Amino acid sequence: LELFARYGFAGGARTLGADSGRPTPVIERAGSSPPAVLLHGGLSQAGSWCLVAGRVPGRVVIPDRPGWGLSNQLDFRSVDMRESSVTWLRGVMDELELENTTLVGASIGGFIALSYALAHPERVANIVLVGAPPGLRRQLPLRLMGNPIVGPLMARSKITDPEVNRR
């Protein structure tokens, strides 16, 4: 919260779904306008929105995606990414009673925003994609992730140094 406050965002923090076994830490600010949900990208966490959040008007919700930030770890090899993402975001939206929401997604957060909007178009007013979500272009390595033989092998790889992968 101190990091967000440093960049003009005055909000609070809480944990959603604590009784579900999959708690989601959330940073949020109340507001009267339709809410904006900011979904961070891969190898990241809610704090990556600190420079932007203070500039977004009205109600803002910034959750840590499962497996990142302060959330519980999640073995993505054992879940369908699209289905799991939609289920998770629907839980966040339901608990916060969010309707007519603007979803803002960076990278894999954009994938989650698009997946949710396709499953629940009645609850999404707008989508903002920051950078291209993975899977939009059919090129390596994401194309290989869908291969039934190569995909599981790639999923077993461990990220040992995120900075090396980012470069």
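Can you pull out every residue in the range 46-57 that is part of a loop (DSSP other than H, G, I, E, B) and surrounded by 19 or more Cβ atoms within 10 Å (Cβ to Cβ)?
Let us first name the residues in the range 46-57 that are part of a loop (DSSP other than H, G, I, E, B), namely 54-57.
If the condition is that a residue be part of a loop (DSSP other than H, G, I, E, B) and surrounded by 19 or more Cβ atoms within 10 Å (Cβ to Cβ), then 56 is the only one that fits.
Within the range 92-102, is even one residue modelled with pLDDT under 90 and of a type in the set (Asp, Glu)? Steps first, please.
Filtering the range 92-102 for residues modelled with pLDDT under 90 gives none.
No, there is no match, as no residue in the range 92-102 is modelled with pLDDT under 90 and of a type in the set (Asp, Glu).
The values are calculated or read from the model by the stated rules, or taken from the named source; none is laboratory data. These numbers come from a predicted model, not from an experiment. Cβ atoms come from the backbone with ideal geometry, glycine included; neighbour counts cover every protein chain shown.
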